[in-house]
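The next block holds one structure in the form of structure tokens; read it before the comments.
The values are calculated or read from the model by the stated rules, or taken from the named source; none is laboratory data. Everything numeric in this text was worked out from a predicted model, so none of it was measured. Note: ideal-geometry Cβ built from the backbone for every residue, glycine included; neighbour counts use all protein chains shown.
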Amino acid sequence: MSSKRKHNEINGDPVPDKHLYKAGGPKDDDIYFMAVALLFAKKSLDPNTKVGACIVNQEGNIVGIGYNKMPNGCEDEFPWERKAENRLETKYPYVCHAELNAIMNKTSMDVKGCTIYVTLYPCNECAKLIIQSGIRHVVYLTNKYPDTEETQASQRLLDAAGITQRQRNDPCSLLSSIDSSAE
Ligand SMILES: Nc1ccn([C@H]2C[C@H](O)[C@@H](COP(=O)(O)O)O2)c(=O)n1
């Protein structure tokens, strides 16, 4: 009988039996960290788009987590409206994005060389935070607004900074069991 154990596979990619997490390496850990981001997105009070972000270091440890929410202590002070005659009556000037909160909530000295798992492709302001924080990889679940200037500027920023971006939206039992309608 062959002693060679069968490799696991995800999306047809063979994953070594002994999995050492390495940013940008075998992707079999993506699903678990994206599931964590998706779970935390559920904590968001945004009635339209709930976003979760999970930062993982090169050892495969979670070092930051966040979701889109109003600033600490002001959770009830601002509207969640998307549209209003005056932009100041919408959520946009006030809401803290999931990536900002994940970086601010970091449990390590820094997040240099880390991977951020985020349920929505980062906006340009978050791309700047990602670059300046030293994060090197972005894994995203969905890209809800691909044609907006914010998304296109974000892609330009991340590409210029050499930050890898990959989408992991493969329907897997783990994600779907957490109900992947949180973006
Ligand atoms: N990179 C991003 C982009 C957006 N968000 C948050 C900000 C809002 O709460 C929500 C988007 O609202 P929509 O325009 O879809 O009604 O997503 C974020 O956390 N990170």
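Tabulated data for the structure shown
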quantity: Condition met for THR49 (among the β-branched types (Val, Ile, Thr), within 15 Å of the ligand (Cβ to nearest atom) and buried (at least 17 other Cβ atoms within 10 Å of the Cβ)); calculated: yes
quantity: Residue in segment 17-34 that is on the phi > 0 side of the Ramachandran plot and modelled with pLDDT of 60 or more present; calculated: no
